[in-house]
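The values are calculated or read from the model by the stated rules, or taken from the named source; none is laboratory data. As the structure is a computational prediction, the values presented were derived from the model and not from experiment. Don't worry about glycine lacking a Cβ; one is built from the backbone with ideal geometry, like all the others, and counts go over all protein chains shown. Side chains are part of the model used for accessible areas, which takes the heavy atoms of the whole protein and leaves out ligands, DNA and RNA. Shrake-Rupley method; radii C 1.70, N 1.55, O 1.52, S 1.80 Å.
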Amino acid sequence: MKKQFAVIGLGRFGSSVCKELHRMNHEVLAIDNDEFKVNELKNFATHTAVVDATDETSMKKIGIRNFDHVIVAIGEDIQASILCTLILKDFNIKQVWVKAQNDHHHKVLDKIGADKVFHPESDMGERIAEFLTSEKVIDYIDLSDEYSIIESLATEKVKGKSLADLDIRANYGCTIIAIKQKDKVDVTPHPEDTLNPGDLLVVIGHKNDLRRFQKEAL
Ligand code: ATP
């Protein structure tokens, strides 16, 4: 379903969010106070606006209140990011997602009602570290500081073994939620399902258990 988004701050992060939403056929309003940045995004957004996002009147004028989902990707200027978030929450925008520069910024954003706060640089750093330390981990989703979901490659070690043989929940405390075999994805794996090298296992669990599982079992 086509949704409406506004992206404020068209640095590297904001512009890539904007381009991706546009590519997915959503309606996107791209906003920055730098005309050059806005012009660069002209072909990758439905509407654009050169506006200072800390100016309540200008924000009202461009119709920001009609958007249910706004992403604030103002980076360096923490004060502007906070003020803009306050204005958006004052406008009762349902979902305001904000990029934080550091932990203090994150705490303030939580306090003033940001609906989601993210740190793309440090989140990406964690993902890359996870990939670097295991050649079997293909993808990784962080659920919290302690839990994640990994997509991990099965090796020769598990050839012909069933999920019951591996007894993953009892031995490692994590759960296989899906198995990808060639073009087929099985989202209801059964104990008797057998594994082959090259299968992709989607596994959820505590990070320590997942590390032990993919090191020892696969
Ligand atoms: P990235 O790492 O994503 O490139 P960054 O963290 O370095 O970004 P900045 O470049 O400081 O962040 O800011 C991102 C964008 O936000 C810039 O294009 C900047 O012009 C825009 N911006 C900053 N302040 C405002 C404001 N008050 N109103 C609108 N846009 C703003």
- Query: List, please: which pairs have Cβ atoms under 6 Å, are six or more places apart or on different chains, and start with a residue in the range 65-93 that is of a type in the set (Asp, Glu) and end with one that is open to solvent by 80 Å² or more (accessible area, probe 1.4 Å)?
  - Reply: Asp68/Lys94
- Query: Of the residues in the range 80-96, how many are touching a helix residue (DSSP H, G or I) at 6+ places or on another chain (Cβ under 9 Å), open to solvent by 20 Å² or more (accessible area, probe 1.4 Å) and either outside any helix (DSSP H, G or I) or not assigned by TED's automatic domain parsing to the domain that holds Phe67 (or both)?
  - Reply: 2
- Considering only residues that are among the β-branched types (Val, Ile, Thr) and open to solvent by 70 Å² or more (accessible area, probe 1.4 Å), look in the range 47-70 and name the one that is nearest to the chain's Cα centre (by Cα). Val50
- Any hit, the range 50-68, residues being at pLDDT 95 or above, within 23 Å of Phe118 (Cβ to Cβ) and assigned to a strand (DSSP E or B): no
- Members of the range 1-36 found to be open to solvent by 50 Å² or more (accessible area, probe 1.4 Å) and within 11 Å of the ligand (Cβ to nearest atom), listed by number: Arg12, Phe13, Ser16, Asn33, Asp34, Glu35, Phe36
- Is it the case that the range 44-51 has a residue that's near the ligand (Cβ under 10 Å from one of its atoms) and among the polar types (S, T, N, Q)? no
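Being touching a residue at least 24 places away in the same chain (Cβ under 8 Å) and under 12 Å from Ile150 (Cβ atoms): is that true of Leu201 here?
Numbers: touching a residue at least 24 places away in the same chain (Cβ under 8 Å): yes; under 12 Å from Ile150 (Cβ atoms): yes.
Answer is yes for this residue.
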